[in-house]
1. What does the highest-first list of 76-86, 54-64, 9-19, 37-47 look like by mean Cβ count within 10 Å?
2. Once the principal axes of the Cα atoms of segment 1-116 are found, what is the range along each, listed largest first in whole angstroms?
3. Near the amide H of VAL53, under 5 Å away, which other amide H atoms are found, from residues 5 or more places off or on another chain, if H is placed in the peptide plane?
4. Might you report the magnitude of the Cβ-based charge dipole of segment 25-154 about its Cα centre, with Lys and Arg at +1 and Asp and Glu at -1, to the nearest 20 debye?
5. Evaluated at 25 °C with a viscosity of 0.890 mPa s, what Stokes-Einstein diffusion coefficient in µm²/s does segment 52-129 have when Rh comes from the Kirkwood expression over alpha-carbon pairs?
6. At 0.36 nm per residue, and after removing the present C-alpha to C-alpha distance, how many nm does the segment from ASN115 to GLU136 gain when stretched out fully?
7. Calculate what fraction, in whole %, of the accessible area of segment 1-136 sits on carbon and sulfur atoms when a 1.4 Å probe is rolled over the protein chains.
Amino acid sequence: VHGLRPRLLLVGAGHVNRAVAHAAARVDFDICVGDIYSASLCPDAFPLSARLVHAASFTDVVEAMAVRPQDFVLIATNNQDREALDRLITQPVAWLGLLASRRKVQAFVRQMRENGVTEADITRLRAPVGHDIGAETANQLAIRVRAATLHAKNGEPGGAVKQVRDTWQPGGLAGGDE
């Protein structure tokens, strides 16, 4: 249906997902944030339109979010990424990202293979998530995630914008008005 805003489901309500929520709301995503710690779900920390979900476990959080195939999902919990990932890895979604170190991702992928998760499901996981822009702060990581989700949503090939070198001169384009 034309006109529906895509949903971004944020599993974990820490500082990075707070920044991601604000960045994604600015580019017309509906936001749903879930966590097991009710104190992390402070309404003032998220866009006004964000739906906040509290549950006893991340398995219950994912269930309460009612994940749909057209959803974009980012996992970024304090210490329970694996629980959320186990619940989401086989669910059809438009995009599944995990904010984690390369070492953690390698360990999770090895464990998923040992547990019989198919290669098709494993290759859908985007982890570590986002484009490498040298991000270090929560807001920088949010831009990295926003770029990755927009890339997936818009179906573009991604990468750097092609530079126009043959007409470029210091101060502007050659032979044209600025």
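The values are calculated or read from the model by the stated rules, or taken from the named source; none is laboratory data. The model shown is predicted, which means the values in this text are computed figures rather than measured ones. Cβ atoms come from the backbone with ideal geometry, glycine included; neighbour counts cover every protein chain shown. These area figures cover heavy atoms from the full protein model, side chains too; ligands, DNA and RNA do not enter into them. Shrake-Rupley method; radii C 1.70, N 1.55, O 1.52, S 1.80 Å.
1. Going from most to least packed, we get 9-19, 76-86, 54-64, 37-47.
2. 41, 35, 25
3. Long-range HN contacts for VAL53: VAL33, GLY34, ASP35.
4. 380
5. The diffusion coefficient I find is 193 µm²/s.
6. Result: 4.3 nm gained on full extension.
7. 50
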